[in-house]
Structures are given as C-alpha cells and as structure tokens.
1. Using amide H atoms built 1.01 Å from N in the peptide plane, name the residues 5+ places from residue 5, or on other chains, whose amide H lies under 5 Å from its own.
2. So how many Lys-Lys pairs in the stretch 256-436 land under 22 Å Cα to Cα, not counting same-chain pairs under 8 apart?
3. Only loop residues by DSSP count here, and only those with at most 12 other Cβ atoms within 10 Å; note down the trypsin sites (Lys or Arg not before Pro) in the stretch 217-299 that meet that.
4. Trypsin sites (Lys or Arg not before Pro), restricted to the stretch 312-376: which are DSSP loop and have at most 16 other Cβ atoms within 10 Å?
5. Give a residue-ordered list of calculated ³J(HN,Hα) values for the stretch 362-370 (Karplus: 6.51 cos²θ - 1.76 cosθ + 1.60, θ = phi - 60°; whole Hz; x for Gly, Pro).
6. What fraction, in whole percent, of alpha-carbon pairs in the stretch 3-190 exceed 19 Å separation?
7. With viscosity set to 1.002 mPa s and temperature to 20 °C, compute the Stokes-Einstein D of the chain, Rh being the Kirkwood radius across alpha carbon pairs; µm²/s, no decimals.
8. Find the lysine pairs in the stretch 3-190 meeting two conditions, Cα atoms under 25 Å apart and a separation of 8 or more places or different chains, and report how many there are.
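No lab work stands behind these numbers, since they all come straight from the coordinates. Everything numeric here is computed off the predicted structure, so don't read it as measured data. Note: ideal-geometry Cβ built from the backbone for every residue, glycine included; neighbour counts use all protein chains shown.
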Amino acid sequence: MAQVGIFGAGWVGLVTGACFAELGHEVVIRDVVPAKIDALKSGAVPFHEADVPELLERNRERLTFTLDVNEIAKCEFLFICVDTPPTHSGDADLSRVWTVIDELPELSGHPIVVMKSTVPVGTGDKVRHGLDVRGLGHVGYASNPEFLAEGNAVRDFMEPDRVVVGAFEEADGAAVAALYAKIDAPIVRADVNSAEMIKLAANAFLMTRISFINEIANVCEATGADVVSVAEGVGLDRRLGPHFLRAGIGYGGSCFPKDSLALKQLASNSGYHFQLLSAVIEVNELQKRRVIGKLQRHLGSLRGKKIALLGLAFKPDTDDMREAPSIVLASRLLAEGAEVRGWDPVADGSVLPRGVEIVDSIEAAVADADAAVIVTEWAQLKTLARPEIRDAMVFPLIVDGRNLLDPDEARANGFAYEGIGRPTVTTDGEPVLAGTR
Ligand SMILES: NC(=O)c1ccc[n+]([C@@H]2O[C@H](COP(=O)([O-])OP(=O)(O)OC[C@H]3O[C@@H](n4cnc5c(N)ncnc54)[C@H](O)[C@@H]3O)[C@@H](O)[C@H]2O)c1
C-alpha cells in the first residue's frame, strides 16, 4: 500500500483521498482553509456528497487532515486537486497549481506529482519544467484527470469507466496506475498532453450532446414533436447511446462551463477557432433564458409576479451552486421586475442575487405564486403537481425546466404546464406551436 498526499480538500481531493484510503492506502490531505481542516478533523464534511461521510468515518485511521505542507513530505504520490477556475479571458487560472509547486517541501527518493485538477494541454510540460527549476528533477510527474460527477462522486471513483494516466516516464505511469489495482476498470496509458486532452475532450463532447438535444427540443417546440420521445428513439441507436440526451435549461456546475471556456481559449491561443464548441456554449447560455419567454407567454409582463424557483444547486444530490442556472434565472427574473423566491433542500441560496427570498420548504416557495419553475430535478419535486400546491398558487403554472413531471398528470390536476421541448396545449387541449403563440 502507498503513502498518498493530496493538495485540496474539495470535491475531488476529498473524494480521491477517502477512496484511496478505502482501497487501503495511507492518505494525508492538505488544504489551506483552516475551517475546512478543522471540520474534517472533527468528523464533519464541508459539502453535501453521498457516501463521503461514511467513507471518511470508516477509514479514519488511514486519513490525516492538515494545513502543514511538511506533513506530505513523506508521501510517494502528491496529488494536486486544487481548483482551476476561469480567468477573465476564459483561460484556466493555474495560480493555485503553481502555489502548490512553490510550496513543495524537501522531498527525498522519487515521489511523483500527479495532476488530478483539470488543466489545459501543455500544463504538464510547464510543471515538469517548474519542478526542474526548483531543483526537484528527481520528482516524477503524471497526469491523472478525474471524471467523477458530483452527486455520484464516490461511485464514479470506485467504478470508473476508465482511469487515464499520462506520464513522461513509463515507470511513473505504471506506479500511478498501480494505485488503482483494486479497481476494475480499463487503464488508458497516454502521453501527458493526450491525457490532459482526454479530459477536456470528454467534457466538451458531453456538453455538445446537451446543447444538441436542447436545440432539438427547441425545434420540437416549434413543430409539435416531443423531445422526450425523440431522445428515447435516438438514444436507442447503439451508435449514439442514451446518455446526456435529456433536454432542459442547460448545464452549469464547476466543470462544464469553465472547461468549455478553457478548451475554447486553449484552441484559440493555438490559432484555431473551435466553432462547434463556441456554438455549444452559446446555445447553453440562451437555453437558460428560455424559461423567461415561457413564463411571459402565460403571465404577460413579469413585473410584480411571484415566481418560485424550485431547486437551486446546479444538479440534484449536491449543494454546489457554482455556475448554477438558477443564478442566471434569478437575475433575469429580478430584471423583469418579478418577485423571486427560491428553495433547495441542501444548497445555500445566499449566493443568488440580492432580492431573492430563500425559503425552507416547497410549500413556502409556491404560496401565492404566479408560477413555479423546476430548476433542479430534486426527487422531492416529482410530486409537485398535486392539488394542495395548485390551490396554494395564485396562478397554477409549472414551468418544468428538467422535464421531471408527467405533463398529462399535471394538466389533469389543474396546472398549466410547460416543459422543455414538449408540446404545449391550450386549456381545451389544442396543440400550440411555439411559432404560432
Ligand atoms: N467538482 C467536480 O465535479 C470535478 C470533477 C472532475 C474534475 N474536477 C477538477 O478538479 C479540480 C478541483 O475541483 P473541486 O471541485 O474539487 O474544487 P474545490 O474548489 O471544491 O476544491 C479545491 C480545494 O483546493 C484547496 N486549495 C487551494 N489552494 C491550495 C493549496 N495551495 N494547497 C492545498 N489546497 C489548496 C481549496 O481551499 C479547496 O478546498 C478542478 O480543476 C476541477 O476542474 C472537478
């Protein structure tokens, strides 16, 4: 079993550390935020992610949390799991990565720095050079991008579709791959540049599928087709598969928006205009705003209208609010003069723009509301279209931004219902095409 050091106790660092401990490795997790380390030492988890608390508890004796960088000096592997947010230009901000390289203590033997953070292609070359300049030529380097999805992070780590390892030296790649020996998944060995690109390309492809099905949904609305049936029929084609074909109000989160910008910027810095990716990003931005038009079609001007935003996190089963579509929606609604109330079972809605009232139940959010918008498909919302909710609202309109509900059932219960890419009907059941409204 190996000694594994981890920089960063965020989603990726903590899940990686907890899972490596579960696999039997000795793990030291270092962060720079004292409150995070204090919380972890006292057994608390700083964010909402299934299975992480149990994993940390079960592997307590193999896990150390520290602020002191020297405590990782004895580790054979030094995983970098720090955040790499976008800069104003769209490039990835690698300042935290460089801080880690600067802070590395005296290291003896042949430890390996392993990059798990998502970074632009070419970062490994630069870090290799940075290590050499710092007199750490004896330290190895590998790229081992992470593909976990929040909400399923532990399962994704323990049962990945593949593990990608890129290294400059064959032995370093083999040593990193060996850490995953107990995991049953193909190991893709690549050069460092390609490993970095695999992560960016995989994310870009997933985003392309989302924007593609969202555009199909918009055409469905204009022509009377139902995107849910369309996606089912398309997804059963084995050449295409069913994943990421769920139409909605667009992707958000800490990865997709920033990674798409970083890849677009990386291409453009290299002299290539990545047209398809630019369109994918633009479609996503427009998609978030289409809810406003749907509300206006039923309510006219939104000035003074009370709108409930149900689900605020960027996806269910996480409390992550980074780049959540709810933020854009709330801003647009406030700009239209609406009164906005927000509810989420776990996410902290205080990052929404000032003026949004955060309430702690679905019932409180919909009371006297003119419309309820399903922003995040939390399981608690599956029964939203029930009579008590209808009676509590001034106007029983549901805009289902995630196609979570059964339209017929919602309408039968007296709601006006609008999904994404689903036929709209008048109160007497006549179909309405978007172009004719
Ligand atoms: N969140 C995801 O779903 C996900 C999935 C795959 C890949 N990634 C990538 O993994 C990386 C980390 O993402 P995250 O969501 O875990 O970020 P995060 O913001 O949740 O966590 C990053 C942590 O690093 C800490 N940190 C910053 N500087 C440090 C330093 N010098 N030493 C030690 N710790 C330091 C921060 O305090 C923070 O706790 C990013 O590059 C991201 O793109 C994220």
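1. 28, 76, 77, 78, 79
2. 13
3. Hits after loop and neighbour filter: 238, 239.
4. Sparse-neighbourhood loop trypsin sites (Lys or Arg not before Pro): 354.
5. 5, 4, 5, 5, 8, 4, 6, 7, 8
6. So the portion of pairs separated by more than 19 Å is 56 percent.
7. Diffusion coefficient, whole number: 92 µm²/s.
8. For the stretch 3-190, qualifying lysine pairs total 9.
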